[in-house]
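Read through the structure below, which is laid out as structure tokens, and then see the notes.
The values are calculated or read from the model by the stated rules, or taken from the named source; none is laboratory data. All values derive from a computational prediction rather than experimental measurement. Counting neighbours? That spans all protein chains shown, and the Cβs are built from the backbone with ideal geometry, glycine included. With ligands, DNA and RNA removed, areas are computed over all heavy atoms of the protein, side chains included. Shrake-Rupley method; radii C 1.70, N 1.55, O 1.52, S 1.80 Å.
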Amino acid sequence: MSTALNDLDSSSPAALSLAGKKVVVVGGKTGIGLGIAHAAFAAGASVTVASRRITSLEDRPDLANYEQIILDVRDEAAVQKAFDAIGPFDHLAVTAGPEFGSWGNFMDADMRGVRNYLDGKFFGSWACARHAAPHLRTGGSITLLTGGLAVRPKIGFSAVLAAFSAVESLSGSLALELSPTRVNTIRPGFVDTDLWKDFSNDERNALKEKVRSSFPARHAGTIGDIGHAALFLMTNPYVTGIVMEVSGGENLVPSVF
Ligand SMILES: NC(=O)c1ccc[n+]([C@@H]2O[C@H](COP(=O)([O-])OP(=O)(O)OC[C@H]3O[C@@H](n4cnc5c(N)ncnc54)[C@H](OP(=O)(O)O)[C@@H]3O)[C@@H](O)[C@H]2O)c1
């Protein structure tokens with residue numbers, strides 16, 4: 001009888017609530033990271049956003065609800081210092097990554113650009129996970145971020161593909177090593193952010209239209225879509241070691257880029 005009752009209790013769905021929790025988003029002041037910060041805040045968390053600068057609230061009143069800290073993911077000592085200063089918290093998301101460089105095709109690549117990309121994306125994610133882990137409370141999680149290039153090679157993007165695949169592999173390994181902290185990765189498809197700022201408005205709108213008309217979901221990804229996925233990964237206690245593709249089905253159809 002009591003077993004049946006226990007089974008009933010444990011069959012309640014995990015709530016998508018972060019009330020009373022503290023979330024740190026590295027890269028959380030713009031783009032996908034901001035989508036995760038907004039989703040966590042809306043779910044009741046207190047949110048800290050970290051990046052290489054402090055942004056004035058006059059310029060960005062939408063950051064008023066968030067604590068800001070400075071952290072360059074390429075500087076491991078600074079990463080450790082920042083997490084030591086933050087202290088105990090519940091969930092980490094790392095979206096920070098260097099801008100795509102013009103390091104050229106594989107045979108022509110400028111190795112400084114390649115190393116800089118891997119340093120920021122791969123070792124940056126590594127350093128954040130490593131120095132955040134000791135501060136994560138029981139029930140906590142780490143969410144890393146890659147992109148569709150992890151599984152769809154594209155000429156000129158070997159460094160990005162290598163970094164993304166390495167992050168995805170690392171996340172599985174950390175799900176074991178940091179257990180019971182849960183570790184997952186989101187692999188987004190196209191998301192309308194300033195990553196595309198070098199496109200003119202017309203080009204950006206044309207790209208979004210192409211995405212809408214060709215991706216199976218018939219939708220151009222938003223930062224809110226990725227925030228929603230991150231909230232699920234933070235709150236579901238049975239999900240660890242996965243790569244969750246949130247891409248509108250991008251990898252099922254020919255590339256639009
Ligand atoms: N948007 C897409 O379509 C898309 C699709 C798939 C994958 N992705 C991947 O998603 C990630 C985030 O992209 P996004 O679109 O959100 O771009 P974004 O808006 O440019 O965000 C990047 C954030 O990272 C921070 N950052 C950069 N370098 C940093 C460093 N060394 N240390 C700490 N913070 C750093 C930046 O803040 P500061 O400049 O203030 O430091 C910025 O807030 C990238 O890795 C990107 O490749 C994007």
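Check off (1) near the ligand (Cβ under 9 Å from one of its atoms); (2) over 13 Å from Cys128 (Cα atoms); (3) hydroxyl-bearing (Ser, Thr, Tyr) for Ser51 and give me the number that stays unchecked.
The number of the failed condition is (2).
Is it the case that some residue within the stretch 79-86 is open to solvent by 30 Å² or more (accessible area, probe 1.4 Å) and touching a residue at least 40 places away in the same chain (Cβ under 8 Å)?
There is at least one residue in the stretch 79-86 that is open to solvent by 30 Å² or more (accessible area, probe 1.4 Å) and touching a residue at least 40 places away in the same chain (Cβ under 8 Å).
Can you tell me which residue in the stretch 156-172 is farthest from Asp108 (Cα to Cα), limited to those that are surrounded by fewer than 23 Cβ atoms within 10 Å (Cβ to Cβ) and aliphatic (A, V, I, L, M)?
Leu170
Sort out for me the helices (runs of 4 or more DSSP H) sitting completely within the stretch 1-89 that have 3 or more residues that are modelled with pLDDT of 95 or more and over 19 Å from the mean Cα position of the chain (by Cα).
By residue number, 76-86.
Which residues, counting only those in the stretch 106-136, are of a type in the set (Asp, Glu) and away from the ligand (no atom under 14 Å from the Cβ)?
Listed by number, the residues that qualify are Asp108, Asp110.
What is the residue count in the stretch 230-243 for residues that are within 16 Å of Pro13 (Cα to Cα) and either of a type outside the set (A, V, I, L, M) or surrounded by fewer than 21 Cβ atoms within 10 Å (Cβ to Cβ) (or both)?
Residues that pass the stated criteria total 6.
How many residues does the stretch 180-194 hold that are β-branched (Val, Ile, Thr), near the ligand (Cβ under 6 Å from one of its atoms) and within 13 Å of the chain's Cα centre (by Cα)? Break it down into steps so the answer makes sense when it comes.
Restricting attention to the stretch 180-194, the residues satisfying the condition of being β-branched (Val, Ile, Thr) are 181, 183, 185-186, 191, 193.
Checking the rest, the ones that are also near the ligand (Cβ under 6 Å from one of its atoms) come to 191, 193.
Next cut, within 13 Å of the chain's Cα centre (by Cα) only: 191.
Summing the residues that are β-branched (Val, Ile, Thr), near the ligand (Cβ under 6 Å from one of its atoms) and within 13 Å of the chain's Cα centre (by Cα) in the stretch 180-194 gives 1.
Looking at the stretch 65-77 only, could you name the residues that are more than 9 Å from the ligand (Cβ to nearest atom) and open to solvent by less than 50 Å² (accessible area, probe 1.4 Å)? Write out each step before concluding.
Start the filter on the stretch 65-77 by keeping residues that are more than 9 Å from the ligand (Cβ to nearest atom), which leaves 65-69, 76-77.
Result: Tyr66, Gln68, Ile69.
Within the stretch 36-95, how many residues turn out to be among the polar types (S, T, N, Q) and in contact with an Asp or Glu (Cβ under 8 Å, 6 or more places away or on another chain)?
Count: 2.
Residues of the stretch 137-150 being on the phi < 0 side of the Ramachandran plot, away from the ligand (no atom under 11 Å from the Cβ) and surrounded by fewer than 22 Cβ atoms within 10 Å (Cβ to Cβ), which ones?
Those that are on the phi < 0 side of the Ramachandran plot, away from the ligand (no atom under 11 Å from the Cβ) and surrounded by fewer than 22 Cβ atoms within 10 Å (Cβ to Cβ): Arg137, Thr138.
Kindly indicate which of Gly124, Gly97, Gly113 is in contact with a Lys or Arg (Cβ under 8 Å, 6 or more places away or on another chain), surrounded by 14 or more Cβ atoms within 10 Å (Cβ to Cβ) and assigned to a helix (DSSP H, G or I).
Gly124
Quick check, is Pro153 open to solvent by 20 Å² or more (accessible area, probe 1.4 Å) and touching a residue at least 12 places away in the same chain (Cβ under 8 Å)?
Here the answer is no, as Pro153 does not meet what is asked.
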